[in-house]
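Have a look at the structure below, then the notes.
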Amino acid sequence: MRTTHGLLVSLLVVATTSLGFAQRRSKVYVKDVEFALKQLEKDCRGFFKLKKIDWRAVSKEFLAEAKKVDNDSQHLVLLTRLLARLEDGHAGVRRTAKSKDVRWPEEPERTGPGMFWCRSGKKILIKNVWSSAKSSGIEPGMTVLQVDGTPVDAWLDKRIEELRDTHSFSTDQQAFFYACHWGLADAKGTRRKLSVKDVKGRKRKRTITYTRANPVPWGPFAFPEGLEGDKDVSYGKTKDGFGYIHLRKCKSSLPEQIDKALAGIGEVPGMILDFRANGGGGFDHAAMFGRFVPSGKTWRHNKGRFESAGPRQYAGPIVVIVDGNTRSAGETASGFLKEFGRAYMIGESPTAGMSSSKETVALPSGLFDLYVSVRSNMRDFNKGRGIEGIGVVPHEVVEYEAKDLANGVDTLIARATELLQKFPRKKVPYDPKKFGWKPPKHR
């Protein structure tokens, strides 16, 4: 009897101790969230009006949620969700030495369906197709009507809302682009029923079974043939003889990569710089811009002053292409060329709008740090408002056309080619002729 009594007492002590430990841990999580809410309001409030963030409502929601957190993994998820409310594409929760082994709750393996989407007017079009989607009879240029019995616009709205809970997007265009690419991913083995309409207006029903397909966007719908270089910077000529450079990343070596591209392309009557799907990086902006200033010359416009740089420059007309996934340094690289009067910019939408100065907020527990934007970069852009939360706005919005996609034509490259054949001089202050540039006689 005494043994049984002793065991019960021991179990009671253990339970009481465990409860006390859990309560202490809970207080740690609540303290972290309380501190974060106050500090983020102080550091990030400059964006609240622009992004229409109701921080009082956010604070009420997350103070209540913090009291329900039981462990470090749940704390990581809650902090990630909190940062998503900042609508800051750079925001993130960073582990410390204390939390290096903390993992996100286990989820099923996810994969893409083998297709990307895009908006064209009021329609959602199938853009790229491969893998499972291709074998299911999905084709580029088809219009998506329904997804699993739900009208596609309603399905996308719900998907974006779900994504916004844990993903921080600086702008609506960034969220939409993400939903049409990464956001189509789901658990391996998922069966998705689509109602579509082909370019001839015939309605079709297709079912896709998810097998394995990378959901990461690569940029253009279709690249010009015969490009050289690598996945970060590829280059060559269009079939019409214009120079073409696709810039996927902006590494510190970007100016030197451009040197190699310009040397490989040679003399051309016009240049297309394609920044679609550019994920950013870090580089010398003046050195990059200098590759597009005539040798020995200086270009001044809108408070910008750029000297010629590099062993070889391109001094002719330029069309820049962007999309809602042109991010961070990709936005400043492309934005410099547009905002400082060197190039004409087209795109499906403004860029992602995630270009900022960042700070790290250390939480009281020492478990995690919060990395957040505190000021917008490029304050000269967008009439003094900068890039963060807005993006770089193209001179001309150009959306994909269904017939082009069906025929393997990249609508934006086709439009860039038209512009180079008859360049919009009134929109671009830089005049190649005033710098002595003459188009080559032969393409």
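The values are calculated or read from the model by the stated rules, or taken from the named source; none is laboratory data. As the structure is a computational prediction, the values presented were derived from the model and not from experiment. All Cβ positions, even for glycine, are placed from backbone atoms using ideal geometry, and neighbour counts span all protein chains on display.
Assorted remarks:
- Selection from region 230-245 of residues that are buried (at least 17 other Cβ atoms within 10 Å of the Cβ) and of a type in the set (Gly, Ala, Ser): Ser234, Gly236, Gly243
- For region 147-156, filtering for residues that are surrounded by fewer than 17 Cβ atoms within 10 Å (Cβ to Cβ) and in a strand (DSSP E or B) leaves 2.
- Answer residue from region 298-310, given it is assigned to a loop (DSSP other than H, G, I, E, B) and touching a helix residue (DSSP H, G or I) at 6+ places or on another chain (Cβ under 6 Å) and is farthest from Val428 (Cα to Cα) among those: Gly310
- Region 115-146, residues that are more than 14 Å from Lys193 (Cα to Cα) and in a loop (DSSP other than H, G, I, E, B): Gly121, Lys122, Trp130, Glu139, Pro140, Gly141, Met142
Yes/no per residue for (1) among the basic types (Lys, Arg); (2) at pLDDT 95 or above; (3) at negative phi; (4) crowded, with 20+ Cβ neighbours inside 10 Å:
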residue	(1), (2), (3), (4)
Lys358	yes, yes, yes, no
Tyr371	no, yes, yes, no
Asn382	no, no, no, yes
Arg385	yes, no, yes, no
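- Residue check, Ala175 surrounded by 19 or more Cβ atoms within 10 Å (Cβ to Cβ), outside any loop (DSSP other than H, G, I, E, B) and at pLDDT 95 or above: yes
- Single residue of region 311-341 satisfying the filter (part of a strand (DSSP E or B) and under 23 Å from the mean Cα position of the chain (by Cα)) that is farthest from Arg375 (Cα to Cα): Val319
- Scope region 54-113; condition closer than 17 Å to Lys31 by Cβ and outside any helix (DSSP H, G or I); matching residues: Lys67, Lys68, Val69, Asp70, Asn71, Val93, Thr96
- Candidates in region 23-77 are the residues that are loosely packed, with under 13 Cβ neighbours inside 10 Å and of a type in the set (A, V, I, L, M, F, W, C); of these, the one that is farthest from the chain's Cα centre (by Cα) is Ala64.
- Close pairs (8 angstrom Cβ cut-off, 6 or more residues apart or separate chains): free of Cβ contacts under 8 Å to residues at least 24 places away in the same chain in region 40-51, surrounded by 18 or more Cβ atoms within 10 Å (Cβ to Cβ) and in a helix (DSSP H, G or I) anywhere: Glu41/Ser59
- Filter result for Ala309 (small (Gly, Ala, Ser), more than 20 Å from Lys438 (Cα to Cα) and either at pLDDT 95 or above or crowded, with 24+ Cβ neighbours inside 10 Å (or both)): no
- Residue list for region 208-241, restricted to those being hydroxyl-bearing (Ser, Thr, Tyr) and over 13 Å from Asp274 (Cβ atoms): Thr209, Tyr210, Thr211
- Annotation note: Cβ proximity below 8 Å between a residue of region 272-295 that is in the same structural domain as Pro255 (by TED's automatic domain parsing) and at positive phi and a residue that is assigned to a strand (DSSP E or B) and surrounded by 22 or more Cβ atoms within 10 Å (Cβ to Cβ) (sequence gap 6+ or interchain) occurs for Gly280/Cys250; Gly281/Cys250.
- Qualifying residue in region 245-265 (condition: out of contact with any Pro (no Cβ under 7 Å at 6 or more places or on another chain), among the β-branched types (Val, Ile, Thr), in a strand (DSSP E or B) and under 19 Å from Gly330 (Cα atoms)): yes
- Within region 337-356, if we keep just the residues that are small (Gly, Ala, Ser) and over 16 Å from Lys426 (Cα atoms), the residue that is surrounded by the most Cβ atoms within 10 Å (Cβ to Cβ) turns out to be Gly353.
- Matching residues, region 228-269, being closer than 20 Å to Gly282 by Cβ, in contact with a Phe, Trp or Tyr (Cβ under 6 Å, 6 or more places away or on another chain) and either of a type outside the set (A, V, I, L, M) or in contact (Cβ under 8 Å) with a residue 40 or more places away in the chain (or both): Gly229, Leu247, Cys250, Ser252, Leu254
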